[in-house]
Structure formats: structure tokens, C-alpha cells
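Here the structure is laid out as C-alpha cells; the discussion comes afterwards.
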Amino acid sequence: MSYCSENILPPATPLTRLVEVVELLGFKKSIDRIKIDNQVGSYVWIGDDNNISFVGVELYIYKKEDCISVETRTRVGRSYWDLKLQNKTISLIKSLFGGTFYTDEGVNRYMPLYYPEPSKISCSLYVNRWIFNNAIAKPKIYLQSRSMTGDVARNESTGIYWLDEMNPRVLSNNMIIPYLIGCWESYFRNSYISILKYSYNIPDNALKNCRISPAEYLKVIKKEEFLEMILADSLSFQRPYIIAENFRKLNANIDITSWLKRPYHRRRKTLLDSITEIVETRDYIVHTGNMDLRIFDKQIHNIMNDLTEAVDRAYQGFGQVFEFDPSYDF
């Protein structure tokens, strides 16, 4: 489902000026590999420092015999700022070039903003959780689609080391673990950036462990890199205890250690300890080229469930600290 608009402009509208206006609004030219009749421009807006996009705003320019038309489109998952930019685009094109516009609301009617502007930190943290959701879905689809045949591809241990070591199912499951830890690491790094960027009252000593090289300073000055990303990249976001310490320095109320120590499925082992072991397994696989011969299908699904539960606890904790209701409407 999507929300669309169309501006119908006079045929004498200068196309080059129209393109300049579109680009001044922050739209970037996109590559449209499907050739569409009369289409002379394809653009997309994906947010900026002050406006957080969830799905972006698409814009298409068509040159026809009797008019020039500009179409915009956002998907159902759009953010407040996606809709605001869409309305702004419709309005500015109408005021500069005239003509008529159509939206899902009718002729010359803008799409209403039904709710007040949300906090940027809540939206940014929501996007991070959404990205993790999409990333963790990929190995789930892979496991559902994977076909393992033959006696060697058992889904349980034979008790014989060399046979288990030749099991393609075990190898496949082991290869998933570094990817999963990469998703885990990316979620917390992105969330750190969100809090650093949009939170107030960051303590003066919060960044004392961050290290920036002269070359990185130059990239920031030349606007080739964002400072908050460089700062986050200088820190580690794999082991839960280190992650917790990084966030605690940003805000003393962010207590990831406690969140991950809470009971989970009546297990004796906490999520904190379980995920620490998963990270150690990842390091063992990556740095030695060996496998953990205990990782069958049940174990890899448990790992994905543990990581997802831990991320959800962190997201819910962020909601408590920064006073917003977590959303899972992905």
C-alpha cells in the first residue's frame, strides 16, 4: 500500500528549473532500470540530519505532449518526516509552477498529519530495530529454504568427532553465526549513534575512550564522514559487558547488564552469559577456521531467539529511559 500524489504542470514549465527545485528539496537522482514511457527523471529522498525517513519519498517526472507531471509516492510505513516532505514537495511545485495537484485526499488537498511530531531519538531507535528485524529474517528464510540430504547431514550428533566434522548442516549453521553477531553489533552501534546524536546532556567524559585519527578528522571536515559514526566505529559492540559500559557512559540510566540478567524462559543461564558465549563461538570460528560441532538446527534457532530477545530488551529499555513507547510495526 502506498500514498501517491501528482502535480500537473503547464507544458511550458522549464524542465531544468523543475529539476533544480527537486534537488534543492534534497532528492537524489536514482537509477530506474525499467524504461517507462515519457519518464524523464527518477528521484528519491531518504532523510537528512534533521528529518528521519522510514521508507523514503519517491519522485518521478514525466514529460508529455500536453503537460509535465510530477508524481510522488511513499509507502504505508512512512515516517512523520516522509509525509511532511511529500506535502512540502507538492506545495512548493504548485506555488512555483502553478497547475493542479491530486492526492489520495482529492484535488488540491494535502495529505493530513494525524499526529504531532515525534521525538527524533524514538524514531531513530525504531529504525535500528527495524533494520535488525529485516537482517535476522534472512537466515531464517535461508534455513527454511535449505535442503540437506544424505546420511551425513544429520540433525544430531553421531558421537563420532570426525563424522560430525564432515556434516554439511553443522558447517552451514556455523557459517550463520558470524553474520548474526554482525547484525547484533550493527544494531548496538547504530543505537549508540542515535543516542549520541539526538540525546541531550551527554556527559563530558562519555567519549574519552573514543579515538579519532588525523585522517578521520579530515574526512569530517571535508564532510566525507559523519563524526558520530567515526566515534562509534572506534568502540566495540560485540561483547555484552563492553556494550553495556559504552552505553552507561552516555546515560547512567541505560543499564543493559541488568536488562540482560533478568530471567528468561526459566533458564539458569542469563541472556548476558548466553550471548557472551555466542560471541566467543563467533571468534572461535572466525579466528581458527574450526567449527562448534554442537550447532545443529535447534541450537542455531535458539541463538537467533536469544539475540532477538536481547535486542528487544535493549529497545524496551531505551524506551523507558527516553520516554517513548517501543513500536514493532515493521
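How many nm separate the modelled label positions at E65 and V286, each set 7 Å beyond the Cα in the direction of the Cβ?
Taking the simple label geometry, E65 and V286 are separated by 6.1 nm.
Let me make sure I get this right: for region 183-330, a, b and c are the square roots of the gyration tensor eigenvalues over alpha carbons, sorted descending. Under 1.5 in a/c it's rounded, otherwise prolate if a/b > b/c, else oblate. Which is it?
Oblate, since a/c reaches 1.5 and b/c is not below a/b.
What does the net charge come to around A206 if you take all other residues with beta carbon closer than 10 Å to its beta carbon, with K and R at +1 and D and E at -1?
Here the charged neighbours net out to +2.
For the chain, with only Lys/Arg (+1) and Asp/Glu (-1) charged at the beta-carbon, what is the dipole magnitude about the Cα centre, in debye rounded to 20?
That gives the chain a dipole magnitude of about 220 debye.
Among DSSP beta bridges lying fully in the chain, give the percent that are antiparallel, nearest 5.
Here the share of antiparallel DSSP bridges comes out near 100 percent.
Please compute P(r) over all alpha-carbon pairs of region 1-140, binned at 5 Å starting from zero, and give each bin as a whole-number percent.
2, 9, 19, 21, 19, 14, 8, 5, 3, 1, 0
Label points 7 Å out from Cα along the Cβ direction at E225 and K28: separation in nm?
Modelled inter-label distance: 1.8 nm.
Quick one: if the Förster radius is 56 Å, what FRET efficiency do R146 and N108 give, using the C-beta to C-beta distance and rounding to 0.05?
About 0.55, to the nearest 0.05.
Top to bottom by accessible area (1.4 Å), largest first, where do T16, T72 land?
Highest to lowest solvent-accessible surface, that is T16, T72.
Give me D for the chain in µm² s⁻¹, whole number, from Stokes-Einstein with Rh from the Kirkwood sum over alpha-carbon pairs, 25 °C and 0.890 mPa s.
The estimated diffusion coefficient comes to 105 µm²/s.
Karplus couplings for region 103-114 from phi (6.51 cos²θ - 1.76 cosθ + 1.60, θ = phi - 60°), rounded to Hz, Gly and Pro as x?
Taking θ as phi minus 60°, the curve returns 10, 5, 8, x, 7, 6, 10, 7, 7, x, 8, 7 Hz for region 103-114.
Mind jotting down the distance between the C-alpha centroids of region 194-210 and region 273-317, whole Å?
Going from one Cα centre to the other spans 29 Å.
Place the peptides 130-138, 200-208 in order of packing, highest mean first, counting for every residue the other Cβ atoms within 10 Å and averaging per peptide.
Top of the packing list down: 130-138, 200-208.
Compute the Rg/Rh shape ratio of region 153-195: radius of gyration over Kirkwood radius, all on alpha-carbon atoms.
Here Rg/Rh amounts to 1.31.
Using r as the Cβ-Cβ distance of M175 and Y328, and R0 as 25 Å, what FRET efficiency do you calculate, to the nearest 0.05?
With a Förster radius of 25 Å, E is 0.30.
Select from Y80, Y187, W162 the residue farthest towards the positive end of the dipole of the chain; place +1 on Cβ of Lys and Arg, -1 on Cβ of Asp and Glu, and compute about the Cα centre.
Value: W162.
Taking the chain as a Gaussian network, Cα atoms linked when under 10 Å apart, which of E20, E245, E280 shows the biggest mean-square fluctuation?
It is E20.
Give the dimensionless ratio obtained when the Cα radius of gyration of region 120-223 is divided by 2.2 N^0.38 Å.
1.65
Under a GNM of the chain (C-alpha, springs under 10 Å), which listed residue has the highest mean-square fluctuation: H287, H301, H265?
Fluctuation is largest for H265.
Region 235-272 to region 62-102: how many Å between their Cα centroids?
After rounding, the separation between the Cα centres reads 45 Å.
Would you mind working out the accessible area per residue for the chain, using a 1.4 Å probe, and quoting it in Å²?
56
Compare the Cα positions of I46, N133, P112 along the charge dipole of the chain (+1 at Cβ of Lys, Arg; -1 at Cβ of Asp, Glu; about the Cα centre) and return the one farthest towards the positive end.
N133
The values are calculated or read from the model by the stated rules, or taken from the named source; none is laboratory data. Being a predicted model, the structure only gives us computed values, none of them experimental. In this analysis, Cβ positions are derived from the backbone assuming ideal geometry, glycine residues included, and neighbour counts consider all displayed protein chains. In case anyone asks, the SASA skips ligands and DNA or RNA and just uses the protein heavy atoms, side chains included. Shrake-Rupley method; radii C 1.70, N 1.55, O 1.52, S 1.80 Å.
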